[in-house]
Amino acid sequence: MFKRRTPLPLLRRIVAVLWPSAGWRRATAYVAHRVRRLPETPYRVAAGFACGAAISFTPFIGFHFVGAALLALLLRGNVVASAIGTVVGNPWTFPFIWAWIYSLGRWLTGGDVISNLPNVLSLHYIFDRPFEVLLPMSIGGLLTAVVAWFAFFWPIRGAVVEYQRARQWRIRRRAKGRRGHPIRETVAKVAAKTAEEDE
């Protein structure tokens, strides 16, 4: 129903993932707007998004959606918000995230921070070296995920509270205006009086 009539070529789709057609600023604003408008409590929205963002700091890239959803259910967060939160991990941020969690994990396990890693780090390379690469990345990723959860939770909760408060105020103002707006009442009385005189 909402698909394109003519599907985009593969290259265009890859470019759209790496660089949104509307630009990163508008794409970020759109994601923020979608998160704020979710019909849930501020805690559930913020907790869900924070779960998705936190999971993005783990090396299990193929399981981010599932992991975010499970963590959101565990913490009573919104599952849709958790899926949106996984955008924190994207092709632009993964190189920095992986370098950070690997370095942190190597430092915590007592290994050398600088190791002979390839220029392009793939999942195949990570899982083929469980003790050399996967274990340090998992340790560094889990610790970073805990910090990231709180770093994303509080600002998003505040933004959702403010958005919902402003929305309720607009709804009340609109309802009050419909019920008894003095100008509208005056216009209605004049129109009724004119109609009586015309008769």
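Descriptive notes on the structure:
- Subset of region 42-59 (residues that are farther than 14 Å from residue 88 by Cα and surrounded by fewer than 24 Cβ atoms within 10 Å (Cβ to Cβ)): 42, 43, 44
- Tallying residues that are modelled with pLDDT of 90 or more and among the small types (Gly, Ala, Ser) within region 104-117 yields 1.
- The one condition in (1) within 28 Å of residue 127 (Cα to Cα); (2) outside any helix (DSSP H, G or I); (3) at pLDDT below 90 that residue 5 fails to fulfil: (1)
- Some residue of region 118-138 being at pLDDT 60 or above, surrounded by 12 or more Cβ atoms within 10 Å (Cβ to Cβ), among the small types (Gly, Ala, Ser) and out of contact with any Pro (no Cβ under 8 Å at 6 or more places or on another chain): no
- Single unsatisfied condition, residue 148 versus (1) at pLDDT below 85; (2) under 26 Å from the mean Cα position of the chain (by Cα); (3) of a type in the set (A, V, I, L, M): (1)
- Search result, residues across region 30-70 that are of a type in the set (Phe, Trp, Tyr), within 19 Å of residue 97 (Cα to Cα) and either in contact with a Lys or Arg (Cβ under 6 Å, 6 or more places away or on another chain) or modelled with pLDDT of 90 or more (or both): 49, 57, 65
- Residue that is nearest to residue 45 (Cα to Cα), among those in region 167-176 that are at pLDDT below 80 and among the hydrophobic types (A, V, I, L, M, F, W, C): 171
- For beta carbons closer than 6 Å, sequence separation of 6+ or different chains, a first residue in region 98-122 that is hydroxyl-bearing (Ser, Thr, Tyr) and a second that is exposed (fewer than 13 other Cβ atoms within 10 Å of the Cβ) and at pLDDT below 90, the qualifying pairs are 103/113.
- Applying a threshold of 7 Å to beta carbon distances and a minimum spacing of six or more residues, or different chains, the list of pairs starting in region 146-161 at a residue that is closer than 12 Å to residue 41 by Cα and ending at one that is among the small types (Gly, Ala, Ser) and part of a helix (DSSP H, G or I) reads 156/46; 156/50; 157/46; 160/46.
- Residues within region 71-86 that are within 21 Å of residue 140 (Cβ to Cβ) and not hydroxyl-bearing (Ser, Thr, Tyr), tallied: 2
The values are calculated or read from the model by the stated rules, or taken from the named source; none is laboratory data. What you are looking at is a predicted structure, and each value in this text was computed from that prediction instead of being measured. All Cβ positions, glycine included, derive from the backbone under ideal geometry; neighbour counts span all protein chains shown.
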